1. Assign unit charges at the C-beta atoms only (+1 for Lys and Arg, -1 for Asp and Glu), then state the dipole size of segment 35-144 relative to its Cα centre in Debye, rounded to the nearest 20.
2. Going toward the positive end of the dipole of segment 35-144, with +1 on Lys and Arg Cβ and -1 on Asp and Glu Cβ, which of T73, V59, F109 do you reach last?
3. Using DSSP to define loop residues, name the GluC sites (Glu not before Pro) in segment 242-322 whose beta-carbon has at most 16 other beta-carbon atoms within 10 Å.
4. Are any of the pairs K236/K334; K62/K112; K119/K288; K62/K119; K112/K269 more than 26 Å apart by Cα-Cα distance, and if so, which?
5. I want to make sure I understand the PRE zone here: with the label point 7 angstrom from the Cα of T52 toward its beta carbon, which residues in segment 99-115 have backbone N atoms less than 11 Å away?
6. Taking the Cα centre of segment 232-373 as origin, sum charge times position over the Cβ atoms of Lys and Arg (+1) and Asp and Glu (-1), and report the length of that vector in debye to the nearest 20.
7. For the pair I101 and S71, how long in nm is the line joining their label points, each one 7 Å along Cα→Cβ?
8. If amide hydrogens are placed 1.01 Å from N in the peptide plane, which non-local residues have theirs closer than 5 Å to the one on M372?
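Taken together, the values in this text are just the output of simple stated rules run on the coordinates, not laboratory data. For clarity, every value in this text was computed on a predicted model and none was experimentally measured. Every residue, glycine among them, receives a Cβ derived from its backbone with ideal geometry; neighbour counts consider all protein chains shown.
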Amino acid sequence: MIANILINNLATILVLVISVVIPVIGILIYIFTSPPIFILVDFPENTDKNRTAYGNIKVINKGYLPYARISFTLHCENLLTGEVIDFPIKTSVPSLGKVDIAVKIKDDFCGKIIFTASKMKVYDVFLLVYKLRDSNISGSMLVLPDCLSSEVIVNNTNQIALDATDYSAEKAGYDMSEAFGYREYIPGDSPRSIHWKLTQKLDSLIVREGGKPISRSVLILLNTGINRGEHLPTYKARDTLMETTIALSKSLLENNMEHKIAWQDQINKEFTIFEINREDDLSNIITKLLAVSIQIDESSCIEHYVKNCGFNSFHHLVCISTELPSRELIQYEKITVLLVEDGRNQESYEEDEAMIIPISSDNIETDLLNIMI
């Protein structure tokens, strides 16, 4: 009987050692080591709207300790629309092993999707404690707009001579081959600008002001700012905004019309402008266009344009916006406003010197046929 008690006590002690001591040792080892866990995210460089993109998340353990659970959340954010999709991930990984997790993404709207992740929770083999680690996930995928393969015709009724030069009637410039006007000399004026014949005739120093050349090209101005108090555009409206911008640019290229695309970068607070002379120029800025952020802005896109380019710097200004610019700004320019709407609410109309053309999300190609440049 005594022997039986001793045997049972030894068994109890052994169970106690296995159930308590070993986990404690395992936890101590876990606490004083850094989990060598690495995560790689692999998605295609681009996909089309409404098409499923298949990606892969690879969890790699380069250490000798197994980890019973690793959890984190993969964030997929469309920079253009602001839409965010989260994928909660939970998995285990053996020592010196790896796990592949398949992920599917399908977006109804174009834009640049960036991949980030929350901190990882890495648990020990007994699921008793965990450590937080940075996931260090980064990556992106473009969701391309439908209009990249569409054909839109721009009616060029003015037969613009792209190599001709116009001069501003409102503002002096640097081109001394064309006189803007004449005035009396002001200290600081270049001696080269003095008009000696008029100076001799009027017996006073007279300077000649140079003309300001006006570009014969077209500027596509993308509105990325919304007035405070207004609602931010819907996902669908932002998608249409970008579809329209790229479709119009492609149409101008097909009509051999040089142009530029500009917008206010709301992240860096800079006015960006790109020259588009060929298909490659447009392709080179697709990534930037699809990452455009639309935010509250105290200044309208036309105010940013005037501040950086001046009035009448282009033959024709095409403003693509989800809201109508103020009348005070559009009355001084030869401007067409493509007013993006979720649905067709009105027909095209004129306001002062501007032509207002509603662009419906469901009827972009037909609506673009109304543009006259």
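1. Working: 14 positive and 11 negative charges, 86 e Å.
Here the size comes out at about 420 debye.
2. Checking the options against the dipole of segment 35-144, the answer is V59.
3. Working: sites: E243, E254, E258, E270, E275, E279, E298, E303; in loops: E258, E298.
Sparse-neighbourhood loop GluC sites (Glu not before Pro): E298.
4. Details: K236/K334 29 Å; K62/K112 32 Å; K119/K288 28 Å; K62/K119 18 Å; K112/K269 19 Å.
Correct reply: K236/K334; K62/K112; K119/K288.
5. 103-106
6. On the way: 11 positive and 26 negative charges, 60 e Å.
Using Cβ point charges on Lys, Arg, Asp and Glu, segment 232-373 gives about 280 debye.
7. 1.1
8. Close amide H contacts, sequence-distant or interchain: none at all.
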